[in-house]
Amino acid sequence: IYILGIESSCDDTAASVIYNGRILSNVVASQKIHEAYGGVVPELASRAHQQNIVPVVHQAIEKAGIKKEQLNAIAFTKGPGLMGSLLVGTSFAKSLAYGLNIPLIDVNHMQGHILAHFIDEDGFEKPPFPFLAMTISGGHTQIVKVENYFDMTVIGETIDDAVGEAFDKSGKILGLGYPAGPEIDRRAALGNPKAFQFTKPKVDGLNFSFSGFKTAVLYFIQREVKANPNFIEENLNDICASIQYTIIGILIDKLKLATKQTGIKHIAIGGGVSANSGIRNALKDGEQKFGWTTYIPKFEFTTDNAAMIAIVGYLKYLEGDFAEQDVVASARLKI
Ligand code: ATP
Ligand code: FE
C-alpha cells in the first residue's frame, strides 16, 4: 500500500511517501523567512506553503520512485495548527485525491507525533501498548496515555506556554537567534547546570506551566545585568545550562508522576524539543534510576514531518477509516 502524507500545520511544508510501514521519501521545506521575526508569522507561513506545496509533493513522489497513479490514498494534517497553513495542505490533498480518485485520510498532527514511533526503521524499536507518550515541541507539551493506535488520552498538558517556547523565549532574553533551543542545548553542554537556580512552577497533577519560568528568567537577567552589564556574555554557557537543567527537571518530575499514577513504564518521546541532548540523557538515566524504558525516534521523525502523517494514514487505511471530500481543517483539533 502506497500512502502520500502531506503536512502543513505550522511553518514546514512536508510530503512523504510510504510503502506499507516503510519510508520511501520524506521531504521537508522549512521556511526561513520567520527567523527575521523571531517567531512564526501566520500570513507569511500560509503564503510560503502555497509556493512550496507543489514542488515538495512532486519531489516526494519522484524520490519514492513511483508514479502518482500508484498511490492508494492521500493522508493530510487536519489540525491542530495555524488555520491558513492547514488550509493549504487540506485543499491540496483534497484536489489530488479527487483527481486520482483515491481515498482521502485526515490525520491529527499530535497523533502523528506519537505514531511516528510505528514507522519501520532499522535499529528503532516500537513501543509496546500501553505506553506513555510525551510530545514536546514549539507548540505543544503533552503526556498522553496510549492504549492502542487510536485509543489515546491526554493525561497532562501545558496550561500556557509550550516547552519549546520556554527554550525560545529564554533564548530571546539572552539575545540568541530564533529558534534558540538548539543553541541553548549546545551551550548547556559547556556550562554548569547548577550555576544559577530557577524555581520550578508549581502545577498540580500532570499539567505543565512555562510562562512563569520565562518571567523568572527575564527578572533574573534584568537584575544581574543591572549589577554587571557584561553578565550575559560572561556567563552565557552557565545560564543556558541552568535553564536547560530546570526545564529537564520539570519534564522528568511529571514523567515520574505519570508512571506512578498509571503504572506504565514505557515512555516514548516526540516533537522538536526531544532533539535536546540533555532530555535524551535524562530519559536514558531514568532507565536505571526509575526502571522505565524509553523510545526515542529518529531525529527526522521528531520535528514536524510528513512521514508521521503518512504512517497514521497507513494505519487508518488498514481500518478503512477515510475522510469525505467535505472534511474541513480544524485549528484546535484535539486527540
Ligand atoms: P508543533 O510541533 O507543536 O506544531 P513546532 O513546529 O514549533 O510546533 P517542532 O518543529 O517539533 O515544533 O519543534 C520546534 C521547537 O523545538 C522549537 O521551539 C525549538 O527551539 C525546539 N528545539 C529544537 N531542537 C532543540 C534542542 N536541541 N533543544 C531544545 N529545544 C529544541
Ligand atoms: Fe509538530
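Every number in this text was worked out from the coordinates using simple rules, so none of it is lab data. All values reported here derive from a predicted model rather than from experimental measurement. Note that we place each Cβ from the backbone using ideal geometry, even for glycine, and neighbour counts take in every protein chain shown.
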Counting each DSSP H run of 4 or more residues in the chain as -39500 (n - 2.57), what helix-only mean residue ellipticity at 222 nm follows after dividing by all residues, to the nearest 500 deg cm²/dmol? -14000 deg cm²/dmol
Length gained, Phe231-Gln51, 0.36 nm per residue minus C-alpha separation, equals 60.4 nm
As an exercise, find the ratio Rg/Rh for the stretch 1-116 from alpha-carbon atoms, using the Kirkwood inverse-distance average for Rh. 0.96
Taking loop as defined by DSSP and a crowding limit of 11 other beta carbons within 10 Å, which GluC sites (Glu not before Pro) in the stretch 293-335 fit? Glu324
Positive-pole candidate from Ile173, Phe210, Ile143, dipole of the stretch 127-246, charges at beta carbon: Ile173
Can you list the lysines whose alpha carbon sits under 26 Å from that of Lys126, skipping same-chain ones fewer than 8 residues off? Lys63, Lys78, Lys145, Lys254, Lys256, Lys260, Lys265, Lys284, Lys289, Lys298, Lys316, Lys334
What distance in nm lies between label points placed 7 Å from Cα along the C-beta direction at Glu224 and Ala195? 0.7
Overall dimensions of the stretch 84-211 as given by Cα atoms, namely Rg and Dmax in Å: 18.9, 61
The exposure ranking of Asp11, Asp185, fewest beta-carbon neighbours within 10 Å first, is Asp185, Asp11
Output the Kirkwood hydrodynamic radius of the chain, Cα pairs only, in Å rounded to one decimal. 20.5
Compute the distance from the alpha-carbon center of the stretch 182-231 to that of the stretch 262-329, in whole Å. 27
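Rank the residues Asp160, Asp253, Asp168 as a footprinting-exposure proxy: fewest other Cβ atoms within 10 Å of their Cβ go first. Show your work: numbers first, answer last.
Numbers: Asp160 17, Asp253 12, Asp168 23.
Final ranking by Cβ density, sparse to dense: Asp253, Asp160, Asp168.
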Straight-line reach from Lys202: which aspartates and glutamates fall under 15 Å, measuring Cα to Cα and dropping same-chain residues less than 8 apart? Glu157, Asp160, Asp161, Asp253
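Can you sort Ser209, Ser95, Ser85 by how many other beta carbons sit within 10 Å, fewest first?
Values: Ser209 17, Ser95 13, Ser85 29.
The fewest-first ordering by Cβ neighbours comes to Ser95, Ser209, Ser85.
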